[in-house]
1. Given the residues F4, F101, which is the only one that is over 24 Å from G176 (Cα atoms), out of contact with any Leu (no Cβ under 8 Å at 6 or more places or on another chain) and either surrounded by 13 or more Cβ atoms within 10 Å (Cβ to Cβ) or of a type in the set (S, T, Y) (or both)?
2. Which count do you get for residues in the range 167-181 that are free of Cβ contacts under 8 Å to residues at least 40 places away in the same chain and touching a helix residue (DSSP H, G or I) at 6+ places or on another chain (Cβ under 9 Å)?
3. Kindly establish whether Y45 is surrounded by 10 or more Cβ atoms within 10 Å (Cβ to Cβ), among the hydroxyl-bearing types (S, T, Y), free of Cβ contacts under 8 Å to residues at least 24 places away in the same chain and not in a helix (DSSP H, G or I).
4. Taking the condition of being touching a helix residue (DSSP H, G or I) at 6+ places or on another chain (Cβ under 9 Å), in a helix (DSSP H, G or I) and under 27 Å from A24 (Cβ atoms), how many residues in the range 48-84 meet it?
5. What do you reckon, is G87 in contact with a helix residue (DSSP H, G or I) (Cβ under 6 Å, 6 or more places away or on another chain), part of a helix (DSSP H, G or I), touching a residue at least 60 places away in the same chain (Cβ under 8 Å) and under 30 Å from Y194 (Cα atoms)?
6. Considering only residues that are among the charged types (D, E, K, R), within 30 Å of V81 (Cα to Cα) and assigned to a helix (DSSP H, G or I), which ones fall in the range 163-200?
7. Just to be sure, is R9 assigned to a helix (DSSP H, G or I) and over 17 Å from the mean Cα position of the chain (by Cα)?
8. L160 passes all but one of (1) touching a Ser or Thr at 6+ places or on another chain (Cβ under 8 Å); (2) assigned to a helix (DSSP H, G or I); which number fails?
Amino acid sequence: PIEFQLLQREHFNRWYDLKPYFLAMSLRNVPLMVVLGLGFISITYVLTDQPLELERFTWVATAAILTGVVSEALGQIIGSVCNITHGSTVTPAVSCILILFCMYGAGHGKEMNPVMNIIVHSSYIRVGLIVVGNAVFRDRASLDCIEDVYCYYQDPVRFLQDIGVDNESYKLYILGLVIYAVAFRLTAFLVIKYRLTTEIYQIIVNYATKILRLR
């Protein structure tokens, strides 16, 4: 939202087209996101004593970075639609819904209603959780436990079953994260293009603002 007025003026003066601008805006943070993301994930992975296997770490890192990319794309959508004031309210509300869907049904295994199962997969955070959970705990030996302490989740398979993500193809869910990223970026692009090429958007915003003020 901060850049939109500048973009609107420069695009009106035909300094550049929207496509290269949006492409640059989408790619500018990717290198930093990958570097910092790998650093954080590496430290977390080692400190939580996960198996030092390249394949597992690769899937975990890929899922985490893609989740960050999707989050940024969702932020672009909200920033394209809302101003700073409205965006600061909408973003936490949307995040809460996504997190609730991510954790919905945890502890009930596969007993979730099929319709609700489809709904919760609308949360890309849950998709990322499925990849990370399977990458870390699938095909893994029993966890180390102290003899005089009962470890309910000593068997990693039981943990995956309880949160309802066992026997899932995490490679397919990686593709799901990519689809989410592309879909969100495309949506943000179309919203920005719509705002630049029509005055109807401003009319709708002004009308909505008047309604909110009356209430």
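Where a number appears in this text, it was derived from the coordinates with a stated rule and is not lab data. As the structure is a computational prediction, the values presented were derived from the model and not from experiment. Cβ coordinates were reconstructed from backbone atoms using ideal geometry, including for glycine residues, and neighbour counts include every protein chain displayed.
1. None of the others qualify; the one that does is F4.
2. As a first pass, look at the range 167-181 and keep what is free of Cβ contacts under 8 Å to residues at least 40 places away in the same chain: 167-169, 171-172, 175, 179.
Subset that is touching a helix residue (DSSP H, G or I) at 6+ places or on another chain (Cβ under 9 Å): 167-169, 171.
The total comes to 4.
3. For Y45, the condition - surrounded by 10 or more Cβ atoms within 10 Å (Cβ to Cβ), among the hydroxyl-bearing types (S, T, Y), free of Cβ contacts under 8 Å to residues at least 24 places away in the same chain and not in a helix (DSSP H, G or I) - is not met.
4. Summing the residues that are touching a helix residue (DSSP H, G or I) at 6+ places or on another chain (Cβ under 9 Å), in a helix (DSSP H, G or I) and under 27 Å from A24 (Cβ atoms) in the range 48-84 gives 21.
5. yes
6. Within the range 163-200, R185, K193, R195 meet the criteria.
7. Yes; evaluated as a whole, the condition is true for this residue.
8. Against the list (1) touching a Ser or Thr at 6+ places or on another chain (Cβ under 8 Å); (2) assigned to a helix (DSSP H, G or I), L160 comes up short only on (1).
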